[in-house]
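Each remark here refers to the structure printed beneath this line.
The values are calculated or read from the model by the stated rules, or taken from the named source; none is laboratory data. Values in this document were obtained by computation on a predicted structure and should not be read as measured data. Glycine also receives a Cβ, built like all others from the backbone with ideal geometry; neighbour counts cover every protein chain displayed. The area values use the complete protein model at the heavy-atom level, side chains included, leaving out ligands, DNA and RNA. Shrake-Rupley method; radii C 1.70, N 1.55, O 1.52, S 1.80 Å.
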Amino acid sequence: NPVFYPLEEQVLYSPKAKIRPPPLAKSGVYLLKCEDCPGAYVGETGRSFVARFCDHLSAFVNCNPTRSAYARHLIDNNHTHGSEEILHFEKNHRLRLALEEVEISKNSVREGRELINPRVRIGSLLTKIFCQSPAYESTEV
């Protein structure tokens, strides 16, 4: 005789059910904000977000600015860590790099943040895209 289980138990114990990792266990593009100024850092990681966030905070707590541009900003200016924001989930390295560049441009042009990233170069195409966007309210670049 077959045994029948309630629907909830079938879903809970189904071997085919995919268990999704929590967001902080994934990789992608992120934003770190300074609490004391408009400074921000856009980064990408192929590791988990939580591991990369811990790298930045560990460099700050241990006064090791060579490991993180974000930590260098906090230490040099005697600022405090603000918040972390996940911008994109992405496993593919090339796509992460492209998304990081887009977010660097977006955050420096449209959002008016002072980016801490050491290699920020806003491409003219990306500047035009964001400055001419209907959502962009300023006419200055």
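Let's see how each residue does on (1) open to solvent by 40 Å² or more (accessible area, probe 1.4 Å); (2) modelled with pLDDT of 85 or more:
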{"residue": "His88", "(1), (2)": "yes, yes"}
{"residue": "Arg94", "(1), (2)": "yes, yes"}
{"residue": "Ala98", "(1), (2)": "yes, yes"}
{"residue": "Ser108", "(1), (2)": "no, no"}
{"residue": "Gly112", "(1), (2)": "yes, no"}
{"residue": "Gly123", "(1), (2)": "no, no"}
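Look at (1) open to solvent by 30 Å² or more (accessible area, probe 1.4 Å); (2) not in a helix (DSSP H, G or I) and you find that Val102 fails only one, number (2). Taking every residue in the stretch 100-111 that is in contact (Cβ under 8 Å) with a residue 60 or more places away in the chain and pairing it with any residue that is acidic (Asp, Glu), at least 6 positions away or on another chain, the pairs with Cβ-Cβ distances below 6 Å are Glu100/Glu44.
Can you tell me which residue is most open to solvent (accessible area, probe 1.4 Å) among those in the stretch 22-56 that are in a helix (DSSP H, G or I) and without any contact (Cβ under 8 Å) to a residue 12 or more places away in the chain? Going through the qualifying residues, I end up with Cys54.
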